[in-house]
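Please read the structure below before turning to the comments.
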Amino acid sequence: MDDIDFQASSLAQKIKHYLITSSGHTAETAPMEEFYESFCTALREEVMINWMASLETIRSKKVRVAHYLSMEYLPGRLTENNFTNIGATELVKAVLKKMNRNFNDLISCEPDPGLGNGGLGRLASCFLDSLATLHYPARAYGLRYQYGIFEQEIWDGMQIERPDTWLLNMNPWEVRRDSFANTVRFRGRPVKATNKHGEEVYLLEDTEEVRALPYDTPIIGYAEKGNFTVIPLRLWTTKESPRNFQLQRYNAGLLDQAAENTSLTDVLYPNDNTELGKRLRLKQEFLLVAASLHDIIRRHNNVYGDMRAFADKVRIQINDTHPALIVAELVRTLTKNYDFSWKEAWEVCQTVCSYTNHTILREALEEWNEGRIHDLIPRQYNIIQRLNLEFCNAVRAKFPNNEAKVRNLSIIEGSQVRMANLAIIGSHKVNGVAKLHSDILKNFLFKDFADMYPDKFTNVTNGVTQRRWLLLANPELAEFISKRIGRGWINDFTQISKIGKFANDRSSQEEFLAIKKKNKHALIDFLKMENGIRNGCGKIVDHSHPLGAEALFDVQVKRFHEYKRQLMNALHLIMIYHELKANPNARAIPRFAIFGGKSAPGYERAKQIIELICAIGRTIEKDPAINKKLVVTFVENYNVSKAQIIIPAADLSEQISTAGWEASGTGNMKFSMNGAMTIGTDDGANIEMRQAVTDSWWPFKFGASAEDNRKPYNSWDIYIHDEAIRKAVDSLKDGTFASTPGETAAFAGIHYGLVECGPNSDYFKVLKDLRDYYDAQKKVEALFAQPFAWAEYALHNIAGMGPFSTDESIRNYAKDIWGIEGCPPDPTILAKVREEYSQHDRCRIAR
């Protein structure tokens, strides 16, 4: 018996053991869901050995630890990623063959964890993969949303939000940690007291107490051998803590108030168009901050015994403004519970904390009503007031007679508490996520802060993990690359540049095109089987009808927002539709346009754009003179698992945001490293990607620059003078696509926003760039008609993606912001844990 066969037999025996002891089934009779749970439990035992060794190594060496706080994570399915990272893929397949189980059936048992909305959450998950792979000492904290963001269904073109029941079945990759639960206090009556420095602190009486219960998920780093690092993602829930349910209010008939704290972690970003929604969201954010800080301090004291080394050994990353309250809570905790003076506590806070800004959108730079914060977290409000007073005085001292600057920098302005200002003031470093974005922060959005703190602002360009988005998502392309340049790129993505040497090699071009074609067929099959078309009652009445693999697969999948300009893409498709109506032979290249993404539930215009796209697709589908040359499909409920099918199949990546609005983008990187060509504006990380690929191999740049977009603009001039654009825009209100009164009103509203609402018409410059976009799309079709030339360009694009791995991003955070170094599992500690485990396990997987 060879080694892998022996290991497979051992793992199969362990799976049978868990099936019998946990679910009461034999391996032959167990339903696939229960087989999956036992399989993961058996595999998790191997992970736990390295998990314990990783934690004990960090503890014993007393190294500085980075703590990542984020309201969002989008890890995607964990199972396949986990055994890919520990090099167990062949072992798993051997086990499944022995046990007569199907690999795809096993993987499909796992839902996508519904813990994030889009790029922010996916980036955070890529960061965790890189932190673990590079052996950095780190922990991550978030919330365990019972129903996630939401599950999107498209009913006759309209987005309908359904609960995302990703926790419907047991999640075998999480570990419940009751012993580490802690209490978070809301409301109450502050009572003045003093610390040993004679400084005013506050006790809190008559509080509303909420129990936060943690679940830990292991994040497994990639390793060729068995020395992989595991870092914990700790997620807090209020769902499974009965005391959070207020029975007296329930008995009084106040049902919503009774369940408010139990439901705090039900949904990511509760709709904050109502007072209840605003209150829930603020409580969510403080729950994350307070529970996580308590845990960070507890762990620190377990290692060091006191708080004297806290400023040296702890780093806390504030991921976007959502965890910004950590600033107030840390100062409060140090002065109240650990007898730090105010000055000492403030110095510790600014040493420990750092803040990543992810957007210039005003609606995403959170502001909370002063009265709401005072009501829900009164002690933290008092801290914020004092911080603001002292900071404003410091601004006046540095910039005398400049009250405008004071107002701009103030944390509290007009009865609103500005969370970005709080995060900036309380951090030692503030970074943007692409060079253009960071320049906009320093020179425009936070210019007054940059004047105040010239050394505080820096840049760390985002990335993605090549292990999830190339090695796992596109295994044939990964093998294509490894055959030519070796496997070093998996851990050192700078080596991907070597693939450029094969870009003009005909056999490499042919093989690349064959892989792309196979991926396109896989997407076609998925859409035909899985992408149901629903009627107005939600019933699936048909399935997608994609074009064949010879078509140009033109893909825009991302969160729906007007600045991302899915509307411009739709208008371009309308222009093609009009051309084909006039002459069915007007286009030589068939185009399969694929959209996917969710709109925030309260974002009416984004939902109307989804309706428009679906209506365009429906109209084209019914027209036999056009539907052989153009098809438009909307992929329902876009998520990580669907992205792993769509992205490898894409020919063209739509990265067309209004220049100056996209912070970075990460979908752009995933598409490029999978061999899709980018049509894009000079926005976000597109600029750095273009520079890395070089202009010679980046042919589809278009549109106004960020600087041009700051100048006055009149969409009416374009509308009047460009006949094709005017015809496309007018089709929004002439009945071409609308088939119901609701659609008529929705599309007329889009038309109004483009050209009819005065000086604010076309706020996101859709028509300004549309003609240039149209011309760039002509270039796309001309190059696509030359397959080998297209392949050469695509391979050069892959070769340029080396700087856009999150490994590079995390190295920059570690070196420039956190000051941490790699700390792989100590071999002695790993051997000790493994031996202790082996002594009590008779059917362990051999290594």
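The values are calculated or read from the model by the stated rules, or taken from the named source; none is laboratory data. It should be emphasised that the depicted structure is a prediction, and the values quoted were computed from it without experimental measurement. Neighbour counts run over all protein chains shown; Cβ positions are idealised from the backbone, glycine included. In case anyone asks, the SASA skips ligands and DNA or RNA and just uses the protein heavy atoms, side chains included. Shrake-Rupley method; radii C 1.70, N 1.55, O 1.52, S 1.80 Å.
Sorted into 10 angstrom bins from 0, the C-alpha pair distances of segment 1-101 split as 13, 36, 30, 16, 5 percent.
Any chance you could check the Cα centroid distance between segment 643-704 and segment 727-771 for me, in angstrom? Each part's Cα centre sits 26 Å from the other's.
How about segment 167-266: which chymotrypsin sites (Phe, Trp or Tyr not before Pro) there are in a DSSP loop, with at most 16 other Cβ atoms within 10 Å of their Cβ?
Taking segment 167-266 and a limit of 16 other Cβ atoms within 10 Å, the loop chymotrypsin sites (Phe, Trp or Tyr not before Pro) found are PHE245.
Taking every protein chain into account, the accessible area of the chain amounts to 38 square angstrom per residue (probe 1.4 Å). Look at the alpha carbon pairs under 8 Å that are at least 6 residues apart: their mean separation over the length of the chain gives a relative contact order of 15 percent.
Restricting to the chain, what percent of DSSP beta bridges are antiparallel, rounded to 5?
Working: 34 of 78 bridges.
Here the share of antiparallel DSSP bridges comes out near 45 percent.
Other residues within the sphere of radius under 13 Å centred on the Cβ of ALA588, judged by their own Cβ, net out at +2 (K and R +1, D and E -1). Pairs over the 32 Å Cα-Cα cut-off, from the set LYS642/LYS778; LYS517/LYS765; LYS498/LYS628; LYS62/LYS278; LYS62/LYS196; LYS93/LYS517: LYS517/LYS765; LYS498/LYS628; LYS62/LYS278.
For the chain, what % of the accessible area comes from carbon and sulfur atoms, probe 1.4 Å? Write down the numbers at each step before the final one.
Numbers: 15980 of 32140 Å².
Carbon and sulfur together cover 50 percent of it.
Taking the square roots of 5 times each eigenvalue of the Cα gyration tensor of segment 242-316, largest first, gives ellipsoid semi-axes of 34, 16, 8 Å.
How would ILE656, ILE149, ILE720 rank on accessible area, largest to smallest, probe 1.4 Å?
On the way: ILE656 0, ILE149 25, ILE720 75 Å².
Order by accessible area, largest first: ILE720, ILE149, ILE656.
Each Lys and Arg adds +1 at its Cβ and each Asp and Glu adds -1 at its Cβ; summed about the Cα centre, the chain shows a dipole of about 1140 debye. Its Cα gyration tensor gives segment 396-496 an equivalent ellipsoid. The semi-axes, each the square root of 5 times an eigenvalue, are 45, 13, 10 Å from largest down. Pairs with C-alpha atoms separated by more than 23 Å, drawn from the list LYS456/LYS564; LYS14/LYS98; LYS501/LYS670; LYS61/LYS832, are LYS456/LYS564.
When you filter the trypsin sites (Lys or Arg not before Pro) in segment 574-652 for DSSP loop state and at most 12 other Cβ atoms inside 10 Å of their Cβ, you are left with LYS622.
Taking the centroid of alpha carbons for each part, segment 146-164 and segment 341-369 are 33 Å apart. The lysines whose alpha-carbon is closer than 16 Å to the alpha-carbon of LYS727, local same-chain residues fewer than 8 away aside, are LYS581, LYS768. The figure for MET307 is an accessible area of roughly 10 square angstrom, using a 1.4 Å probe on the protein chains alone. So what does ILE297 come to for accessible area, using a 1.4 Å probe and Å² rounded to 10? In the full protein context, ILE297 sits at about 10 Å². Summarised as an ellipsoid, the chain has semi-axes of 42, 36, 27 Å, derived from the eigenvalues of the Cα gyration tensor scaled by 5 and square-rooted, with the largest first. Percent of alpha carbon pairs in segment 58-198 separated by more than 28 Å? Value for segment 58-198 (Cα pairs over 28 Å): 41 percent.
When the surface is traced with a 1.4 Å probe over the full set of protein chains, HIS197 keeps roughly 80 Å² accessible. Largest accessible area first, the listed residues TRP661, TRP51 line up as TRP661, TRP51 when surface is computed with a 1.4 Å probe on the assembled protein chains.
Could you please report the charge total around GLU654, scoring K, R as +1 and D, E as -1 over all other residues with beta-carbon less than 10 angstrom from its beta-carbon?
Numbers: positive: LYS558, LYS564, ARG565; negative: ASP554.
Summing Lys/Arg as +1 and Asp/Glu as -1 gives +2.
A simple count of charges around VAL230, restricted to other residues whose Cβ falls under 12 Å of its Cβ and scoring Lys, Arg +1 and Asp, Glu -1, yields -2.
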